[in-house]
1. Would you check if V14 is assigned to a loop (DSSP other than H, G, I, E, B), within 30 Å of I93 (Cα to Cα) and without any contact (Cβ under 8 Å) to a residue 60 or more places away in the chain?
2. Could you tell me which of the residues L69, L97 is under 28 Å from R48 (Cα atoms) and in contact with a helix residue (DSSP H, G or I) (Cβ under 9 Å, 6 or more places away or on another chain)?
3. Consider region 31-46. How many of its residues are surrounded by 10 or more Cβ atoms within 10 Å (Cβ to Cβ) and modelled with pLDDT under 80?
4. Name every residue in region 90-105 that is surrounded by fewer than 13 Cβ atoms within 10 Å (Cβ to Cβ) and either modelled with pLDDT of 85 or more or not hydrophobic (A, V, I, L, M, F, W, C) (or both), in order of residue number.
5. Suppose we filter region 51-83 for residues that are more than 26 Å from the chain's Cα centre (by Cα) and modelled with pLDDT under 80; how many remain?
Amino acid sequence: MQREKKTEIITLRVTPQTKDRIRAKARELGLTVTDYLCLCGLGKRIIRVEGLDNVLSELKAQGRNLNQLTTLANMGKIAVVYGDRLAEGYGQINEQLRQLLREVT
């Protein structure tokens, strides 16, 4: 996803306590203060799913492995046994993550 270039500045004054609370809330959600304030200001619901970063990292690693196996199989260097089952399982995990995303947005 390509982000638009941010060129505009909004300045606001807050107490030190409010500033600390805003920074803490943004940090809790893994967001920058700018992104956190923009999402809040636009009325967006912010949902953090704990552990999802690890799941996505593992899914990407498995996807790379699947691509490497596919490449080697296409080159005739290996024979993939039950490759269709592997690809189907990977697709099911992807679909489950998409469903989760639809439910929380």
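The values are calculated or read from the model by the stated rules, or taken from the named source; none is laboratory data. Bear in mind that the values here come from a model prediction, so they are computed numbers and not experimental data. Cβ: placed from backbone, ideal geometry, glycine included. Neighbour counts: every protein chain shown.
1. no
2. L97
3. Count: 1.
4. Listed by number, the residues that qualify are G91, Q92, N94, E95, Q96, R98, Q99, R102, E103, T105.
5. Total meeting the criteria: 4.
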